[in-house]
Number of protein chains: 2
Amino acid sequence: MTASKVASRPLSAIAQATRQAARQLAVLPTDARNQAIEAIAQALEAATPEILAANAADCKAAEAEGIPKPLYNRLKLDATKLKAAIDGVRDVGRLNDPVGKVEIHRELDEGLILKRISCPVGVLGIIFEARPDALIQITSLAIKSGNGVILKGGKEAIRSCETLVNAIHQGLSASAVDPAAVQLLTTREETVALLQLDEYIDLIIPRGSNSFVRFVQENTRIPVLGHADGICHVYIDQAADLQKAVDITIDAKTQYPAVCCAMETLLVHSSVAPRFMPLATAALEKRNVELRGDEPSRKIVDMSAATEADWSTEYSDLILSIKVVNSLEEAVNHINTYGSKHTDAIVTEDPTAAESFLAQVDSANVFHNCSTRFADGFRYGFGAEVGISTQKMPPRGPVGLEGLVTYKYQVTGNGHIVANYVGENAKPFTHRDL
Amino acid sequence: MTASKVASRPLSAIAQATRQAARQLAVLPTDARNQAIEAIAQALEAATPEILAANAADCKAAEAEGIPKPLYNRLKLDATKLKAAIDGVRDVGRLNDPVGKVEIHRELDEGLILKRISCPVGVLGIIFEARPDALIQITSLAIKSGNGVILKGGKEAIRSCETLVNAIHQGLSASAVDPAAVQLLTTREETVALLQLDEYIDLIIPRGSNSFVRFVQENTRIPVLGHADGICHVYIDQAADLQKAVDITIDAKTQYPAVCCAMETLLVHSSVAPRFMPLATAALEKRNVELRGDEPSRKIVDMSAATEADWSTEYSDLILSIKVVNSLEEAVNHINTYGSKHTDAIVTEDPTAAESFLAQVDSANVFHNCSTRFADGFRYGFGAEVGISTQKMPPRGPVGLEGLVTYKYQVTGNGHIVANYVGENAKPFTHRDL
């Protein structure tokens, strides 16, 4: 079955077929899923010429439409990048199996045993940018975690995505996994329709612009894993080491300004501002960072004025807003008010101040004396990152494979009935962990 | 501050005050939260005469309006029931602290340490029936887990709830917890408005009728913990022990038919149906259970005919639909199609059939040779139950205190910046669990 044939069927039929295939995939043993991942790697190797040709056609069309250079670079899939992506597939195969972990094992009473066991979520709907290598990674993570997946990539990558999914289907057809477990959508209309299919889709993972993620969050009843904004702060405490403060400021702002865990607002304690601010702003301006300060900041260093809107803006660019605060508490309040609950850091040599900041800042990632840029599943040692969640309920923060599994409770008895455990002569439960 | 004064303020001001109080509560040590719980228990003891008087007034008013007997029994709070509820508060105080658990402790590199620590969710919005004892339990669970809570009880219990919250406020005022952490709403309009306050409320827990829970789920962007339907099945496999099958059938249907984990549909393998069905239906009819069967069932035992609608109906009453299936697979498909992903059981002496059922049925609780009625947080040994979730993502199934906490990632460094970990001379991460 080719991807384009798939896309010509009605969406609910596609989703139903994915659900059916996912049910079989969910109960496959670890080995069978790992073999399917290896089969995908081999099929992608075998299809390399077709994949590169399809991508070249995508790139040519995108260039003709004047695609911006950074987007072009993400769309472009040369032999080196494809090989790296295939290596990534095999890396996923080597990760620990997230499925089938016994999280609770408890005797409730003699012969009545409770187990909580991790299991796949079911069917994932993943909407991603025009980045063919992302499709490869997402698919291998989905198979590893026992989930079916419905993919929708950015429209500029349509030829690449179709060719990749054809190869993946070819690989899977030689495995225990039904190729219908991986489906590709190709139109924007299908994406919108996908959000309504809460009967067939268990989790949506949107990647892309803040406004797109917010659109998804507001237009579906399906749980969404991800985040719209990344408004991250670094707070320079009165007890900060100034050299660390400058190093972390530069790294958090300039090391990769377009990424969600880059700093957008710098908060500086008033008692350290006169010494810190000139050092930091000089280093930032040397790196072409545009500065926007509140009034107290501008009394120390000349820069343009920040407006109220700046505190809630994710620049994703070489722009930084700066605010002087008079206390740790004011910094925490600013972050909890204007931040996006993503990643916020304190620079201080005072352990009490650090402890207080880490406890009170209400964000998924709270850092002490290190750059906000460390907020990342690979850097945390998760082996892979599905996305970063800024919701309060788990999974929160960088989410690895564990975000693609859930759990179920299994109880095995020998004819046990509740009537024996209630009323006057109620049997007690033993509740003994095994 | 009295509850009625609270309710006269605008809702967003109430919610903001709760958020503020919850932020302080969230960072209190275990002892301080446990002391606040003891202070609540003592204040409820001291206010016993007022509480009983208020409840008597509620009961009198409800009787005058002709409240059904089961609802009256839940509304009624006599001295014995109040004492039991206060004992329950102290039981919650003795539970393990769910806050501050170090779930991951990992060296990312020398001097760069990651911890994942459990922390309160923030502010809970809990909408419950006209059951004053529920208010007492919910409040103690909220304080134990470090969360603020906005309560809305059924309107018949309004005097009881106001008196209880007054007493709770009095108790908290002598503790480290700001009484504003616990708030009471009293009108239906406020409940609807509450669902819009995603800025201040982190989790909604609705209790009550299926249609009410569904209304909540469909009218808020705040995460909802709970479930609308409880359409639970028992499947009698061809290798079932018939005595166990009958016992479990009777218990699952009749031990407490109004509860969500009671059985609604009985599935029977065709090869065992001629022997099992007469035994089971005789026992069910002796307990006044109305039977509705499909055609094959009615060929074995005389009963009224089930319609398609019966398979998706939660009777919550002494009514049972019965269907004959020709295979385990057909049973699993029926459950995954018509069930509510709550609790489903297989009765069989065949371990392979049991394993296959437990793996393939896509429900929060999957049981082998025991009654569906065991799906309960207390019976699972969780010490308390906040609710049962039928969503796919965690928390799923019976949810104890752990459903009221989330986690955050804390990283502590010594001036660490990402620039040193990328590019040609990138430092490797050590990723060593501590």
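The values are calculated or read from the model by the stated rules, or taken from the named source; none is laboratory data. Fair warning: this is a prediction, and the values are worked out from it, not measured in the lab. For neighbour counting, all protein chains shown are included, and Cβ atoms are generated from backbone atoms with ideal geometry for every residue, glycine included.
Considering B:GLU424, B:GLU385, B:GLU402, which residue is more than 25 Å from A:LEU404 (Cβ to Cβ), among the acidic types (Asp, Glu) and under 36 Å from the mean Cα position of the chain (by Cα)? Break it down stepwise before answering.
Numbers: B:GLU424 fails: under 36 Å from the mean Cα position of the chain (by Cα); B:GLU402 fails: more than 25 Å from A:LEU404 (Cβ to Cβ).
Just a single option satisfies the conditions, and that option is B:GLU385.
Scan the range B:1-13 residue by residue and report those that are over 12 Å from B:VAL165 (Cβ atoms) and either modelled with pLDDT under 70 or part of a helix (DSSP H, G or I) (or both). Passing the criteria: B:SER8, B:LEU11, B:SER12, B:ALA13.
Can you tell me which residue within the range A:387-401, out of those that are at the interface with another protein chain (Cβ under 10 Å from one of its Cβ atoms) and outside any strand (DSSP E or B), is nearest to A:ARG373 (Cα to Cα)? Within the range A:387-401, the match that is nearest to A:ARG373 (Cα to Cα) is A:ARG396.
Output the strands (runs of 3 or more DSSP E) that fall wholly within the range A:101-184 and possess 2 or more residues being under 17 Å from the mean Cα position of the chain (by Cα), or say none. Quick ask: steps written out before the conclusion?
Details: elements: A:102-109, A:112-120, A:123-127, A:148-152.
The qualifying strands (runs of 3 or more DSSP E) are A:123-127, A:148-152.
So, in the range B:402-434, exactly how many residues are of a type outside the set (S, T, N, Q) and either part of a strand (DSSP E or B) or in contact with a strand residue (DSSP E or B) (Cβ under 6 Å, 6 or more places away or on another chain) (or both)?
Applying the first criterion (of a type outside the set (S, T, N, Q)) to the range B:402-434 yields B:402-405, B:407-409, B:411, B:413, B:415-419, B:421-424, B:426-429, B:431-434.
Applying the additional criterion that residues be either part of a strand (DSSP E or B) or in contact with a strand residue (DSSP E or B) (Cβ under 6 Å, 6 or more places away or on another chain) (or both) yields B:405, B:407-409, B:411, B:413, B:415-416, B:429, B:432-434.
Residues that pass the stated criteria total 12.
On the stretch given as the range B:247-268, residues that are among the β-branched types (Val, Ile, Thr) and more than 11 Å from chain A (Cβ to nearest Cβ) total 2. For the range A:338-349, the criterion of being modelled with pLDDT of 95 or more, buried (at least 16 other Cβ atoms within 10 Å of the Cβ), acidic (Asp, Glu) and in the same structural domain as A:GLU290 (by TED's automatic domain parsing) is satisfied by at least one residue. Would you check if B:GLU156 is acidic (Asp, Glu) and free of Cβ contacts under 8 Å to residues at least 24 places away in the same chain? Against the criterion (acidic (Asp, Glu) and free of Cβ contacts under 8 Å to residues at least 24 places away in the same chain), B:GLU156 does not qualify. Residues in the range A:357-380 that are aromatic (Phe, Trp, Tyr), surrounded by fewer than 24 Cβ atoms within 10 Å (Cβ to Cβ) and facing chain B (nearest Cβ under 8 Å): A:TYR380 alone. If the condition is being more than 10 Å from chain A (Cβ to nearest Cβ) and either outside any loop (DSSP other than H, G, I, E, B) or on the phi > 0 side of the Ramachandran plot (or both), then the range B:209-223 contributes B:ASN210, B:SER211, B:PHE212, B:VAL213, B:ARG214, B:PHE215, B:VAL216. Considering A:ASP229, A:ASP237, the condition of being crowded, with 24+ Cβ neighbours inside 10 Å, more than 17 Å from A:GLU290 (Cα to Cα) and touching a His at 6+ places or on another chain (Cβ under 8 Å) is satisfied by A:ASP237 alone. Quick one: count up the residues across the range B:72-93 that are basic (Lys, Arg), touching a residue at least 40 places away in the same chain (Cβ under 8 Å) and either out of contact with any helix residue (DSSP H, G or I) (no Cβ under 8 Å at 6 or more places or on another chain) or crowded, with 19+ Cβ neighbours inside 10 Å (or both). Number satisfying all stated conditions: 1.
Of all residues in the range B:281-310, those being crowded, with 22+ Cβ neighbours inside 10 Å and over 31 Å from the mean Cα position of the chain (by Cα) number 3.
Within the range B:406-434, the set of residues being among the aliphatic types (A, V, I, L, M), out of contact with any Asp or Glu (no Cβ under 8 Å at 6 or more places or on another chain) and at the interface with chain A (Cβ under 9 Å from one of its Cβ atoms) comprises B:VAL411, B:VAL422. Which one is nearest to A:ALA62 (Cα to Cα) among residues in the range A:159-190 that are touching a residue at least 60 places away in the same chain (Cβ under 8 Å) and of a type in the set (Gly, Ala, Ser)? By that ranking, first place goes to A:SER160. Checking the condition among the β-branched types (Val, Ile, Thr) and closer than 18 Å to A:THR372 by Cα, which residue from A:VAL289, A:VAL224 passes? From the options A:VAL289, A:VAL224, the qualifying one is A:VAL289. Scanning the range B:251-268 for residues that are assigned to a helix (DSSP H, G or I), in contact with a Lys or Arg (Cβ under 7 Å, 6 or more places away or on another chain) and either surrounded by 21 or more Cβ atoms within 10 Å (Cβ to Cβ) or of a type in the set (A, V, I, L, M) (or both) yields B:ASP251, B:ALA252.
Mind counting the residues in the range A:213-229 that are in contact (Cβ under 8 Å) with a residue 12 or more places away in the chain and out of contact with any helix residue (DSSP H, G or I) (no Cβ under 8 Å at 6 or more places or on another chain)? Even if it seems obvious, please write down each step before you answer.
Residues of the range A:213-229 that are in contact (Cβ under 8 Å) with a residue 12 or more places away in the chain, as a first pass: A:213-214, A:216, A:219-229.
Subset that is out of contact with any helix residue (DSSP H, G or I) (no Cβ under 8 Å at 6 or more places or on another chain): A:213-214, A:216, A:220, A:222-223.
Matching residues across the range A:213-229 total 6.
Do we have B:LEU52 as in a loop (DSSP other than H, G, I, E, B), at pLDDT 95 or above, under 28 Å from the mean Cα position of the chain (by Cα) and not polar (S, T, N, Q) here? No.
Determine, yes or no, whether B:ALA193 is in contact (Cβ under 8 Å) with a residue 40 or more places away in the chain, assigned to a helix (DSSP H, G or I) and out of contact with any strand residue (DSSP E or B) (no Cβ under 6 Å at 6 or more places or on another chain). So B:ALA193 fits the description; yes. Within the range A:401-409, does at least one residue satisfy the condition of being out of contact with any helix residue (DSSP H, G or I) (no Cβ under 7 Å at 6 or more places or on another chain), modelled with pLDDT under 95 and aromatic (Phe, Trp, Tyr)? No, the conditions are met nowhere in the range A:401-409.
Condition check: more than 14 Å from every other protein chain (Cβ to nearest Cβ), closer than 21 Å to A:ARG74 by Cβ, crowded, with 23+ Cβ neighbours inside 10 Å and in contact (Cβ under 8 Å) with a residue 40 or more places away in the chain. Does A:ILE205 satisfy that? Lay out the reasoning, then the answer.
On the way: more than 14 Å from every other protein chain (Cβ to nearest Cβ): no; closer than 21 Å to A:ARG74 by Cβ: yes; crowded, with 23+ Cβ neighbours inside 10 Å: yes; in contact (Cβ under 8 Å) with a residue 40 or more places away in the chain: yes.
No: the conditions fail for A:ILE205.
Among residues of the range A:269-280 being among the aliphatic types (A, V, I, L, M) and assigned to a helix (DSSP H, G or I), the one that is nearest to the chain's Cα centre (by Cα) is A:ALA280.
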